[in-house]
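The values are calculated or read from the model by the stated rules, or taken from the named source; none is laboratory data. Quick caveat: nothing in here was measured; it's all calculated off a predicted structure. Positions of Cβ are generated from backbone atoms using ideal geometry, with glycine treated the same way; all protein chains shown enter the neighbour counts. These accessible areas exclude ligands, DNA and RNA; they are computed on the full protein's heavy atoms, side chains included. Shrake-Rupley method; radii C 1.70, N 1.55, O 1.52, S 1.80 Å.
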Amino acid sequence: MKGKKKEKIVEGLVSANLISKEEADKLNRHFKVSKDSLEEAVVKQDILQEDKFIEFLSKYLGVPNIDISEFEVPDGIIQLIPEDFAQKSLCIPIKKRGKILGVAMVDPTDIALIDDIKFVTGYEIEPYIVSRRQIKEFMNQHYETKDDIDEIMKYMKDEELEVVKEEEDSTDMKALEAAIEETPVVRYVDSLIAGAIRKGASDIHIEPYEKILRVRTRIDGVLFEEPSPPFKLKNSIISRIKVMATLDLAEHRIPQDGRIKMRLREKEVDLRVSSIPTLYGEKIVMRVLDKSALNVDLEKIGFEKDGLDKFLRAIQAPYGLILVTGPTGSGKTTTLYSALSRINTPDTNIMTAEDPVEYNFVGINQVQMREKVGLTFASALRSFLRQDPDIIMVGEIRDHETASIAIRAALTGHLVLSTLHTNDAPSAISRLLDMEIAPFLVSSSLVLVVAQRLVRKICPKCKEPTSVPRETLLEVGIPAGEIDKITPYYGKGCSECNNGYKGRGGLYEVMTMSPKIKELTLEKASATKIKDSAIKEGMLTLRDMAILKFKKGEITLEEVLRVTSVV
């Protein structure tokens, strides 16, 4: 509450005969040397009882007052305002009615704060006035108190300094781990990880900024912001995760990688942890590797029948190179694992070079790359060729050396599966040529290329028909004659989904190396020319696949536009 507002309210107190003119002058002098709120000043100066002041202020401002101690606020409502935001702004959500959120506030005249709460929650705000004492007592009951946080931070900083001093002393590391286990920080970290797993998140991001520790989870390929923990706990939370992942607590200058194994309701989950130094501290990303959620059934991951038939014929071939392309997080590894699961038989020697090994499979020899000791994709491939393999999987072809050895293996009687980072299937040929692989080697060894993306599927529980302008459907690429036969759908949102979406499916652009495409490869034709030829031969592009799923009512038009391009 700013100075002029305070002065007017003091005048109102005098007019209401609640304080004298001398007491008003005393208050105004106090405000010139102190940043105390009006309520704090009235109570400190013993001028007026707190409850009488709140009652007056309620009538004066026309804002209802409330006794928050009499309220039992459900957790679902409390969580609508992030804890650190609530503690900083002294506001508590107390009830919800439709799109209106009732918020108990110390200063309901703060229009900027009300706008901020509206932005954070997405609700229209109905303010209630409450005393500073009551709101702090409520927070002490429902949040970690500031005293507790200060104690935690002091405790954690002392232990952290000791680790830095002792560096890699394993005894001190165990002592630190035991110390962290006793603090509320562990409850927050465990709750964050368990909640992300339950929601089906693939990644958890913990990002330090100047005045906030931002937490986000990636669900169905999209990042969602989570309530931020108290900023004072930043170092403690990051230290807790580093201890769990057996990372070096004393090292803050270079990136580190580790793993955490957790059990949640009889389900084992691995977390791949990566830390990297940023301007305001170490950013942590935890990749959730839930083997129970891994779908290795080729019939169920999203292939259309024609594309699936081509893919199955390719992976059952005795030799040749098969490439799966797409950006990071597009499901390439899942497709390769699905293929290996299909062809993993007792009479087949399968070897994989991965960075990292995400899931373990019985019957497959999986090798983790370790570049620091010289175990790279290229060196692993050379060793594989001396291990009598039938099938080889290379996590990624990144350079000329790896590509050259993979193609040599494919030409000498081995089936080789790998990935590339390209936008579509035809570009894979151009990428190999850019790596200075001879055109005749590419045309001789390459059997099939699959480009893929992941799209969010509409939640079946809250799926409803919707309308889309005819012009929009024409722009997307749907023929005019088919528009009237299409019923677009969307998910309105329910308790079992994320804003109308639940789960993901794949889009697959499958290109076989036909005689014509081999000829174009030998001619070093452009990716555009190769793509045009593949389409004439029946290849469905990623956009075509997305439109097919849209027509079937599996995905929204927004997903078609978000994930695919007309180019």
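So, of the residues in segment 336-358 that are open to solvent by 30 Å² or more (accessible area, probe 1.4 Å) and touching a helix residue (DSSP H, G or I) at 6+ places or on another chain (Cβ under 8 Å), which turns out to be modelled with the highest pLDDT?
Arg342
I'd like the residue in segment 366-381 that is surrounded by 14 or more Cβ atoms within 10 Å (Cβ to Cβ) and part of a helix (DSSP H, G or I) and, out of all such residues, is nearest to the chain's Cα centre (by Cα).
Going through segment 366-381, the residues surrounded by 14 or more Cβ atoms within 10 Å (Cβ to Cβ) turn out to be 366-367, 369, 375-381.
Adding the requirement that they be part of a helix (DSSP H, G or I) leaves 377-381.
Details: Phe377: 28, Ala378: 32, Ser379: 34, Ala380: 32, Leu381: 33 Å.
It comes out as Phe377.
Limited to segment 382-398, what total is found for residues that are surrounded by 17 or more Cβ atoms within 10 Å (Cβ to Cβ), in contact (Cβ under 8 Å) with a residue 40 or more places away in the chain and of a type outside the set (Val, Ile, Thr)? Don't jump to the end; show me each part of the working.
Within segment 382-398, the first condition is being surrounded by 17 or more Cβ atoms within 10 Å (Cβ to Cβ), and the residues that meet it are 384, 389, 391-398.
Now restrict to residues that are in contact (Cβ under 8 Å) with a residue 40 or more places away in the chain: 389, 391-397.
In the following step, the residues that additionally are of a type outside the set (Val, Ile, Thr) were identified as 389, 393, 395-396.
Number of matching residues: 4.
Of the residues that sit in segment 529-567 and are over 19 Å from Glu482 (Cα atoms) and of a type in the set (Gly, Ala, Ser), which one is most open to solvent (accessible area, probe 1.4 Å)?
Ser565
Regarding segment 514-524, can at least one residue be identified that is part of a loop (DSSP other than H, G, I, E, B), farther than 30 Å from Lys199 by Cβ and either touching a Phe, Trp or Tyr at 6+ places or on another chain (Cβ under 7 Å) or open to solvent by 30 Å² or more (accessible area, probe 1.4 Å) (or both)? Break it down stepwise before answering.
Residues of segment 514-524 part of a loop (DSSP other than H, G, I, E, B): 514, 523-524.
The next check asks that each one be farther than 30 Å from Lys199 by Cβ; those that pass are 514, 523-524.
From the residues that got through so far, the ones that are either touching a Phe, Trp or Tyr at 6+ places or on another chain (Cβ under 7 Å) or open to solvent by 30 Å² or more (accessible area, probe 1.4 Å) (or both) too are 523-524.
Checked segment 514-524: at least one residue is part of a loop (DSSP other than H, G, I, E, B), farther than 30 Å from Lys199 by Cβ and either touching a Phe, Trp or Tyr at 6+ places or on another chain (Cβ under 7 Å) or open to solvent by 30 Å² or more (accessible area, probe 1.4 Å) (or both).
Select the helices (runs of 4 or more DSSP H) contained entirely in segment 21-117, then report the ones holding at least 2 residues which are out of contact with any helix residue (DSSP H, G or I) (no Cβ under 8 Å at 6 or more places or on another chain).
Details: elements: 21-33, 38-44, 50-61, 75-78, 83-89.
Qualifying helices (runs of 4 or more DSSP H): 21-33, 50-61, 75-78, 83-89.
Scan segment 476-510 for residues that are free of Cβ contacts under 8 Å to residues at least 60 places away in the same chain and aliphatic (A, V, I, L, M) and jot them down.
Ala480, Ile483
How many residues does segment 48-76 hold that are within 19 Å of Glu23 (Cβ to Cβ) and either of a type in the set (A, V, I, L, M) or modelled with pLDDT of 90 or more (or both)?
3
Name every residue in segment 395-427 that is within 36 Å of the chain's Cα centre (by Cα) and in a loop (DSSP other than H, G, I, E, B), in order of residue number.
The answer is Gly395, Glu396, Ile397, Arg398, Asp399, His421, Thr422, Asn423, Asp424, Ala425, Pro426.
As an exercise: evaluate Thr278 against (1) of a type in the set (S, T, N, Q); (2) open to solvent by less than 20 Å² (accessible area, probe 1.4 Å); (3) over 21 Å from Val455 (Cα atoms) and give the number of the one condition it does not meet.
(2) is the only condition that Thr278 fails.
Let's see how each residue does on (1) open to solvent by less than 20 Å² (accessible area, probe 1.4 Å); (2) among the basic types (Lys, Arg); (3) part of a strand (DSSP E or B):
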site	(1), (2), (3)
Arg214	no, yes, yes
Pro229	yes, no, no
Arg240	yes, yes, no
Arg253	no, yes, no
Asp257	no, no, yes
